[in-house]
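Down below is the structure, laid out as structure tokens.
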Amino acid sequence: MTQDENKEGIGGMANPTRYGIERVAYWLMRLSGLGLLAYFVAHIYETSNILRGQVGWNEFLELTQTTGGHIFLAIVIGMCVFHTVNGVRVMLGHGGVGVGKPARPDYPYDPASQNYRHKIGIYSAILLAAIAMMYGMAVMFGE
Amino acid sequence: MRESTIMKIHYGTALAAVALVAVHILMRLTQGFAESLEYENVLANYKFIPYAAMLELILILLSVHGFNGLRVILLELKQGRLYEKAVSYGCLAAMFGLIAYGSRTIIMTNMGMV
């Protein structure tokens, strides 16, 4: 195999199926981060409509308080919960919590840090995000 | 600033923001969701100084955390002296711009300039 054939570029790097749940968490963390930043900027703009008075505020609410707006907000809730829970996992990992003890690298060279504790953390983040999305939708659509 | 210091700020702003955003969301649940977004209720929120101060704090914490996160992502994609400087200063400028714009809303509404 030549060097060129071995290069898959961003597509290869983004492939979530090859490197396990840790790579999925890596991508979800970045995508949710970018999504939340975009939402945050939009939210700051959205709330600035209060300066246009009651008419301006109500006009903007008509745009956001719709079925589509509620679904969008449910996705934001999911991103927020995943980003938070997975972020706490990453912080603990950086602090040395749950990454296992240093040991001699032996075949098949499984990284000690990619252990069941952190896998449980990632699955928990996904599960909690799903629960929070359902709760959010129940609150928004329940009225 | 050293990257290790920046990461400490990144984690610190994240933890503080989680606590304050939780309060911000709980305020929406003290009454019905739609009711809490009515003009009079939102205006009353902004005029309550402790809550307005909390909003300002959330604005600063999330701006710092968000734009530093964007900077980290962009620096992972590509490296180079000029590129890294452009990304860092660009994110810093965007952060100050967003804080200024958000603060304008909080201060003007709090002072009744609506």
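Just so it is clear, none of the values below were taken in a lab; they were calculated from the coordinates. Computed from a predicted structure; not experimentally measured. As a convention, Cβ positions derive from the backbone with ideal geometry for all residues, glycine included, and neighbour counts pool all protein chains shown.
Observations, loosely collected:
- Inter-site label distance for A:Ala112 and B:Glu38 at 7 Å from Cα along Cβ, in nm: 6.1
- Pairs of alpha carbons in chain A separated by more than 26 Å make up 45% of all such pairs.
- Range in chain A, longest, excluding exposed trypsin sites (Lys or Arg not before Pro) [loop by DSSP; at most 11 other beta-carbon atoms within 10 Å]: A:19-143
- Residues of the range B:48-62 with amide N under 18 Å of a point placed 7 Å along Cα→Cβ from B:Met1: B:57-62
- For the range A:77-114 versus the range B:1-67, the gap between their alpha-carbon centres in whole angstrom: 28
- Remark: mean inter-chain Cβ contacts per residue of A:85-96 equal 2, using a 10 Å Cβ-Cβ cutoff to other protein chain atoms.
- Using R0 = 41 Å, the C-beta based FRET efficiency linking A:Met13 and B:Met111 works out to 0.25.
- Inter-chain neighbour count for A:43-49: the average number of beta-carbon atoms from partner chains within 10 Å of each residue's beta-carbon is 5.
- Computed [θ] at 222 nm, helices only, for the protein assembly as shown once each DSSP H run of length n ≥ 4 contributes -39500 (n - 2.57): -26500 deg cm²/dmol
- Volume per residue of the convex hull around the Cα atoms, evaluated for the protein assembly as shown, comes out as 171 Å³.
- Hull shadow area, averaged, the range B:3-110 [alpha-carbon convex hull, nm²]: 7.7
- For peptide B:48-58, the mean count of partner chain Cβ atoms within 10 Å of a residue's Cβ comes to 0.
- Span-rule helices in chain A, defined as complete DSSP H runs reaching 24 Å or more along the axis (Cα) with Kyte mean at least 0.5: A:21-47, A:67-94, A:116-141
- Ranking of B:Leu26, B:Leu55 by count of other Cβ atoms within 10 Å, fewest first: B:Leu26, B:Leu55
- Cut-off of 10 Å, at most 15 other beta carbons, DSSP loop: longest stretch of chain B lacking such trypsin sites (Lys or Arg not before Pro): B:3-77
- 0 to 90° range, to nearest 10: angle between helix B:81-110 axis and chain B longest Cα axis: 10
- Relative to the dominant Cα principal axis of chain B, helix B:3-29 is inclined by about 20°.
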